[in-house]
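The values are calculated or read from the model by the stated rules, or taken from the named source; none is laboratory data. From a predicted model like this one, the values you see are computed outputs, not experimental measurements. Glycine gets a Cβ as well: all are built from the backbone with ideal geometry, and neighbour counts include every protein chain shown. Quick note on the areas: whole protein, heavy atoms, side chains included, nothing else; ligands and nucleic acids left out. Shrake-Rupley method; radii C 1.70, N 1.55, O 1.52, S 1.80 Å.
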Amino acid sequence: MKSTFLNAINQCNEEHIPVWFMRQAGRYLPEYMELKDKHSFKTRTHTPDLMTEISLQPLRRYPLDAAIMFSDILTPLEFMGAEFDFSSGGPKLQNAGESTLRNIQPLNTDDMAFVYEGIGKIKEQIGEKPLIGFVGAPFTLASYIVEGGTSKEFSKVKHFLFSNEKEFSKAMQTLASSVGHYLKAQMQAGVDAVQIFDSWVGFLNQDMYEKHILPHMQELIGIAREGGKPIILYSQPSSHLLTSFAKLQTDAISIDWRVRLDEVAETLDKVGYKGSFQGNLDPVATTLNWEDAKFYVEDVLSRAKKANILNRYIFNVGHGVIPTTKFETIEKIVEHVHSFRN
Ligand code: CP3
């Protein structure tokens with residue numbers, strides 16, 4: 001396989017350091033803004049041709065090493081009894097709360113046929129470049145269902161877990177099995193790797209994570225493994241959970257920007273982690289002019305070098321790029337990362 005991205009996931013990349021950006025599809029490109037004005041978020045995520053166009057837009061501009069399909073972690077929830085409205089900025093759930101989570105239904109993965117069709121179309125047009133599929137992890141999905149949107153403290157979802165472990169676990173089981181099968185179906189439809197987004201699980205401490213979340217993550221990953229494609233785990237801010245993440249034996253872990261990459265590599269090495277690393281750039285660096293952004297890019301690259309992980313490192317941001325990301329800076333970052341090793 002000639003893909004530097006897949007080679008890095010397989011810990012054997014000898015060529016340039018691969019780079020892609022979380023949330024590279026959508027948000028900051030002018031050509032995306034045009035489509036955003038014309039079509040609702042629901043139309044953009046449910047129409048295979050629009051999904052294809054938006055996924056490919058960043059690859060037309062930059063020599064990125066992977067595409068990520070344009071969709072959302074909340075999209076499957078509409079078929080499970082929790083349909084989010086995206087029309088006013090952040091996602092909102094009308095009937096949010098514990099009872100909606102308690103009544104969450106298993107996903108019939110056939111309901112996601114429009115996504116598989118989009119994956120097929122992207123693969124037809126993308127050439128040799130790998131395509132990344134994704135899901136939200138059970139705790140992060142549960143937090144959206146109970147809180148109704150993004151939250152500051154995640155106190156409602158944590159209240160449910162702390163006060164009713166049994167019922168919480170039952171809902172987590174449904175979510176884990178549903179997204180596990182959905183990942184497997186994405187793999188069968190043609191994605192080359194997947195990423196599991198557990199954006200908010202860092203609001204739990206490590207004991208709670210190991211007791212109440214880890215078993216469901218193992219279940220999810222066990223099902224997805226049947227699809228045979230590499231799995232990346234993403235979470236932030238969650239450096240206190242990294243040694244627990246290592247137990248999941250994913251092919252790669254995406255690291256946020258709050259920690260030093262070389263120190264993380266050392267910590268994970270000590271607990272026997274054998275996988276690859278991704279991420280670590282503060283997304284705010286992408287909003288700077290290149291002259292100012294360079295320092296932050298160099299810092300991440302030099303730490304990857306110091307940790308001796310260049311053959312198993314994928315450059316990325318520590319969380320998604322933001323609407324104020326400068327597309328000229330993204331171009332320079334890609335150029336710089338690609339030339340670092342040569
Ligand atoms: O480019 C890509 O990465 C692919 C598409 C993608 C989207 N959302 C499109 C989107 C991916 C991978 C996601 C993941 C996602 N969605 C996460 C996990 C990553 C993270 O940020 O922690 C989460 C928590 C969500 C939930 C979600 N969806 C939020 C909080 C929001 C609104 C706020 C925001 O970040 O803009 C969305 C809407 C959303 N999903 C947009 C896009 C491009 C913006 C809405 C729009 O363009 O109309």
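Once the dipole of the chain is set up with Lys and Arg at +1 and Asp and Glu at -1 on Cβ about the Cα centre, which of 268, 252, 231 lies farthest towards its positive end?
Of the listed residues, the answer is 268.
Once the dipole of region 52-114 is set up with Lys and Arg at +1 and Asp and Glu at -1 on Cβ about the Cα centre, which of 86, 57, 101 lies farthest towards its positive end?
Going by the Cα projections, it comes out as 57.
Could you work out the Kirkwood radius for region 20-162, taking every pair of different alpha carbons, averaging 1/r and inverting it, reported in Å?
Values: mean 1/r = 0.0616 Å⁻¹.
That comes to 16.2 Å for region 20-162.
Quick check on region 273-327: take the gyration tensor over C-alpha atoms, sort the square-rooted eigenvalues as a ≥ b ≥ c, and tell me if it's rounded (a/c under 1.5), prolate or oblate.
Numbers: a/c = 3.50, a/b = 1.75, b/c = 2.00.
Oblate.
Highest mean first, how do 296-304, 316-324 rank when packing is the count of other Cβ atoms within 10 Å averaged over residues? All intermediate terms of the calculation are to be shown ahead of the outcome.
Values: 296-304: 18.8, 316-324: 20.6.
Highest-to-lowest ranking by the protection proxy: 316-324, 296-304.
Roughly what percent of Cα-Cα pairs across region 13-80 reach past 17 Å? Working shown, then result.
On the way: 1025 of 2278 pairs.
The share of Cα pairs beyond 17 Å in region 13-80 comes to 45 percent.
When you count, for each residue, the other Cβ atoms within 10 Å and take the mean per peptide, how do 141-147, 224-230 rank with the highest first? Can you show the working numbers first?
Values: 141-147: 26.6, 224-230: 17.9.
Top of the packing list down: 141-147, 224-230.
Would you tally the net charge around residue 79, using a Cβ to Cβ cut-off of less than 11 Å, leaving residue 79 out, and scoring K and R as +1, D and E as -1?
Numbers: positive: none; negative: 78, 83, 110, 111.
Here the count lands on -4.
Taking a 1.4 Å probe, which of 341, 258, 44, 312 shows the most accessible area, and what order do the others take after it? It would help to have the intermediate numbers written out before the result.
Numbers: 341 75, 258 120, 44 15, 312 45 Å².
Sorted descending by solvent-accessible area, the residues read 258, 341, 312, 44.
Is there a quick way to get the dipole size of region 26-177? I mean about its Cα centre, with the Cβ of Lys and Arg at +1 and of Asp and Glu at -1; what is the value in debye to the nearest 20? Before the final figure, lay out the partial values.
On the way: 17 positive and 20 negative charges, 66 e Å.
Using only the charged Cβ atoms, the result is roughly 320 debye.
Just report the Cα centroid separation between region 95-166 and region 272-335, whole Å.
So the separation of the two Cα centres works out to 27 Å.
Take 295, 315 and sort them by solvent-accessible surface of the protein heavy atoms, 1.4 Å probe, largest at the top. Mind showing how you got there, number by number?
Working: 295 135, 315 0 Å².
If we order 295, 315 from most to least accessible, we get 295, 315.
Going highest first, how would you order 165-174, 28-37, 237-246 by mean Cβ packing within 10 Å?
Values: 165-174: 17.1, 28-37: 14.3, 237-246: 18.9.
Packing order, densest peptide first, comes out as 237-246, 165-174, 28-37.
Please list 43, 250 in order of solvent-accessible area, largest first, computed with a 1.4 Å probe with all protein chains present.
On the way: 43 55, 250 5 Å².
The residues order as 43, 250, largest area first.
Rounded if a/c is under 1.5, else prolate if a/b is larger than b/c, else oblate: which is region 201-337, with a ≥ b ≥ c the root eigenvalues of its Cα gyration tensor?
Numbers: a/c = 1.90, a/b = 1.78, b/c = 1.07.
Cα axes put region 201-337 in the prolate bin.
Where in region 109-152 is the amide nitrogen less than 17 Å from a point lying 7 Å along the Cα-to-Cβ axis of residue 167?
Zone members listed by number: 142-148.
How much of the DSSP bridge set in region 4-339 is antiparallel, in percent, rounded to the nearest 5?
Values: 1 of 23 bridges.
About 5 percent, rounded to the nearest 5.
In terms of the Cα gyration tensor, with a ≥ b ≥ c the square roots of its eigenvalues, is region 203-260 rounded because a/c is under 1.5, prolate because a/b exceeds b/c, or oblate?
Working: a/c = 2.73, a/b = 1.31, b/c = 2.08.
Oblate shape, in that a/c is at least 1.5 and b/c is the bigger or equal ratio.
On average, how much area does the Cα convex hull of the chain cover when viewed from any direction, in nm²? Present the calculation step by step, with values, prior to reporting the outcome.
Values: hull surface 61.7 nm².
Result: 15.4 nm².
So, with +1 on the Cβ of K and R and -1 on the Cβ of D and E, and no other charges, what is the size of the charge dipole of the chain about its Cα centre, to the nearest 20 debye? Spell out each step's value before the answer.
On the way: 36 positive and 42 negative charges, 60 e Å.
For the chain, the charge dipole is close to 280 debye.
Using a probe of 1.4 angstrom, how much of the accessible area of region 144-288 is carbon and sulfur, in percent? Display every interim value, and only then the final one.
Working: 2640 of 5540 Å².
C and S fraction of accessible area: 48 percent.
Under a 1.4 Å probe, what is the accessible area of the chain per residue, stated in Å²?
Here the per-residue accessible area is 41 Å².
Provide the gained length on full extension for the span residue 113 to residue 12, in nm with one decimal, where the gain is 0.36 nm per separating residue minus the Cα-Cα distance.
Details: separation 101, 0.36 × 101 = 36.36 nm, distance 3.43 nm.
Result: 32.9 nm gained on full extension.
Give, as a single signed number, the net charge of other residues whose beta carbon lies under 13 Å from the beta carbon of residue 147, with Lys and Arg counted +1 and Asp and Glu -1.
+2
Leaving ligands, DNA and RNA out of it, work out the accessible area of residue 290 with a 1.4 Å probe and give it in Å² to the nearest 10.
In the full protein context, residue 290 sits at about 40 Å².
Would you check the accessible area of residue 208, probe 1.4 Å, heavy atoms only, in square angstrom rounded to 10?
Spelled out: residue 208, probe radius 1.4 Å, area about 40 Å².
Given 25, 183, 66, which one lies farthest toward the positive end of the charge dipole of region 4-339, if we put +1 on the Cβ of every Lys and Arg and -1 on the Cβ of every Asp and Glu?
183
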